[in-house]
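Okay, so here's the structure we're looking at.
The values are calculated or read from the model by the stated rules, or taken from the named source; none is laboratory data. Computed from a prediction, not measured in an experiment: that's the story for all the values here. Cβ coordinates were reconstructed from backbone atoms using ideal geometry, including for glycine residues, and neighbour counts include every protein chain displayed. Please note that ligands, DNA and RNA were not included when accessible areas were found on the heavy atoms of the full protein model with its side chains. Shrake-Rupley method; radii C 1.70, N 1.55, O 1.52, S 1.80 Å.
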Amino acid sequence: MGDQLILATGGYDHTIKVWQAHTGNCIKTMRFVETSQVNALDRTPDKTRLAACGYQCIRLYDLESNCTAPVINFDGVQKNVTRLGFQEDGNWMFTAGEDHHVRIWDMISAPPHCSRVFDCESPVNAACLHPNQVEIGMGSQNGNVFLWDVKSEKHECIVPEVDASIQDVAISPDGHYLAAANNKGNCYIWSLCSSPDQKMSTMRPTKKIQAHTRYILRCKFSPDSRLLLTTSGDGTACLWKTSDFSKWRELCIENYWVWDAAFSADSKWLFTASSDGVARLWKLETKTPTREYTGHTKAITALSFKDEIIRKVNH
């Protein structure tokens, strides 16, 4: 399965489904936890395993075997775990949660253990890793946006808007921008500046986008860093050009929440997950969905897609 183009989805029906991205065929269904939806999914850099998080749980699944049960259950996790992701070599994983903490998990040790913790002093809705593999951006329910240097333990904190919960954060692959989206429909952009004599990046306020009329659920940058995506409870996914942060495209799934999304490696296609229980593949140039992935019985709240293979083939 490691050489296939795999889309993974999870949601309110307590299942995780693995799809052939190019055919729409579901090739594996894994049970999650009966007491939780799937909040986030991420595939390990070697593509052999899939991590999922939810209420009081983090699970790791083997994608190369026929086994549908998790191979690792992470111990001692409290409250809702909202985000997770892997360092580029797979040596460690980060998780964020409503227990106020962002944790670093050592994935080399067996079993994996928590090696470092950052306290955001409020439930954490989102976290993302800087391409420098050292800094983590974080967003909390009390409106704080943090940048944490995992090595030096230094951090910076900014509150872009009072009485607004940060729902997601993203850092562009070129390392130039950090975005934070909130429950008021606003997305804030900072330029990230670094120099050899600095211990960590500095954040310079750059732009406020009034992106949506309702809750923003996710924000993500395209692999080429030219686009910023925001998804919302207003039934749209909007794409903004990072050259000036003007709106470029709007994709509509009327009357449903667009919970999550992922770009293809060439930044020309987008997968979306929505509350109608359908994942879709969109061609961005034409704003049209070209494939649907149907099988979930309730809302899809998380998806994961990595297709470096396409990048290798195209070059």
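What about Arg59, is it modelled with pLDDT of 95 or more, outside any loop (DSSP other than H, G, I, E, B), in contact with a Pro (Cβ under 8 Å, 6 or more places away or on another chain) and crowded, with 16+ Cβ neighbours inside 10 Å? It is true that Arg59 is modelled with pLDDT of 95 or more, outside any loop (DSSP other than H, G, I, E, B), in contact with a Pro (Cβ under 8 Å, 6 or more places away or on another chain) and crowded, with 16+ Cβ neighbours inside 10 Å. When Ala179 is tested against (1) within 25 Å of Ser267 (Cβ to Cβ); (2) open to solvent by 10 Å² or more (accessible area, probe 1.4 Å); (3) touching a residue at least 40 places away in the same chain (Cβ under 8 Å), exactly one condition is not met: (2). Tallying residues that are open to solvent by less than 60 Å² (accessible area, probe 1.4 Å), in contact with a Phe, Trp or Tyr (Cβ under 8 Å, 6 or more places away or on another chain) and farther than 19 Å from Leu192 by Cβ within the stretch 95-115 yields 9.
The combined condition, being under 20 Å from Phe94 (Cβ atoms), touching a residue at least 12 places away in the same chain (Cβ under 8 Å) and open to solvent by 60 Å² or more (accessible area, probe 1.4 Å), is fulfilled by His155. Only residues that are open to solvent by 10 Å² or more (accessible area, probe 1.4 Å) and either over 17 Å from Gly76 (Cβ atoms) or of a type in the set (Ser, Thr, Tyr) (or both) were counted in the stretch 44-56, giving 7. Reported count of residues in the stretch 192-209, each being closer than 12 Å to Ala180 by Cβ and either in contact with a helix residue (DSSP H, G or I) (Cβ under 8 Å, 6 or more places away or on another chain) or surrounded by fewer than 14 Cβ atoms within 10 Å (Cβ to Cβ) (or both), is 2.
Taken residue by residue, the stretch 116-127 has at least one member that is modelled with pLDDT of 95 or more, open to solvent by less than 20 Å² (accessible area, probe 1.4 Å) and under 19 Å from Pro45 (Cα atoms). Taking first residues from the stretch 61-79 that are on the phi > 0 side of the Ramachandran plot and touching a residue at least 40 places away in the same chain (Cβ under 8 Å) and partners that are of a type outside the set (Val, Ile, Thr) and part of a strand (DSSP E or B), the Cβ contacts under 7 Å between residues at least 6 apart in sequence or on separate chains come to Lys79/Gly97. Filtering Ser304, Ser243 for residues that are out of contact with any strand residue (DSSP E or B) (no Cβ under 8 Å at 6 or more places or on another chain) and modelled with pLDDT of 95 or more leaves a single hit, Ser243.
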